[in-house]
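Undergrad: After the structure tokens below, expect a handful of questions from me.
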Amino acid sequence: MSIDLPGYAKAVFRYGRPVVLLTALIMSIPGEIHLAEVAGWEAVTIWGVTFNVAWLMPVCVSVYAACSAVIADVSKRLGLPNRKSALAGAVAALALALAAQDVSHLIQLDYMGTSWVLVALVSAIPPLVAFHMLHMAAAPESTASEVVVEEAADEFEDDDENVSAKPRRRGKPGRPGLTEEEVLAAVEKLKTAGDEVTPENLGQVLNRSARTARRYLSQIKRRENAATEPQHTGTLQLSI
């Protein structure tokens, strides 16, 4: 079913989260830069341009933590092969971001001093982050958006027949699929009610899971693109 949220709740849901995330990332920058400077990173000159390498540490800590959390969530929802690695990376990235802030402020307020152990640990952050990001990028054979499109082809027939006429994979029983008209009607219902057309909201209207609703939306999007770009033969990329 469709949930009609009050205006202030919709504003918080839509705009509050990115504002809080951006604010938290900005507040984390000074401590992470200071920690990098304590570990020995300093200004370097490349092609006549002087740049402080320590300024890049927030990307390796806070931004990495945010990216790992998103990748872990998407991998879990879509059942991608790298989901365990992404989840472990997200937890490790969060612990790293917390530790970086604590240690930096403890040093700045003279509660503790630097040591060779601290320098060695901080120095290891960039290569470890690079290794884990490359590992997650190389784990699945195809991208998450391609996986959704490939699975979506099983939901609608080319002649708009019900998907229940097709044999189900792996012999698992389940409810019959929906026609394209039924899905489009549900989408229009959400738009009429002023609700955002998301897999979660569409799944509630159709009484299906969010993952199934995402497949329906992907198939509709592919047909719309095919109608507007009949000569397009490249890989469809969707935002998920």
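A short reminder: the numbers here are calculations on the coordinates, not readings from a lab. These figures come from a predicted structure and were not determined experimentally. Positions of Cβ are backbone-derived with ideal geometry, glycine not excepted, and every protein chain shown enters the neighbour counts.
Undergrad: Would you please give the residues with an amide H less than 5 Å from that of Asn52, counting only those at least 5 places away or on a separate chain, with H modeled from the backbone geometry?
TA: Val44
Undergrad: Let me ask something else about it. What is the packing order of peptides 183-189, 86-92, 113-119, taking the mean over residues of other C-beta atoms within 10 Å and listing the highest first?
TA: Values: 183-189: 16.9, 86-92: 18.7, 113-119: 10.9.
Top to bottom by mean Cβ count within 10 Å: 86-92, 183-189, 113-119.
Undergrad: What are the GluC sites (Glu not before Pro) within segment 18-106 that DSSP puts in a loop, where the Cβ has at most 14 other Cβ atoms within 10 Å? Please report the intermediate quantities before stating the final value.
TA: Numbers: sites: Glu32, Glu37, Glu42; in loops: Glu42.
Answer by residue number: Glu42.
Undergrad: What does the extension gain come out to for Val91 and Ala226, with contour length at 0.36 nm per residue minus their alpha carbon separation?
TA: Length gained between Val91 and Ala226: 44.6 nm.
Undergrad: What percent of all Cα-Cα pairs in segment 7-140 falls in each 5 Å bin, counting up from 0?
TA: Calculated P(r), rounded to whole percents: 2, 10, 16, 18, 17, 15, 11, 7, 3, 1, 0.
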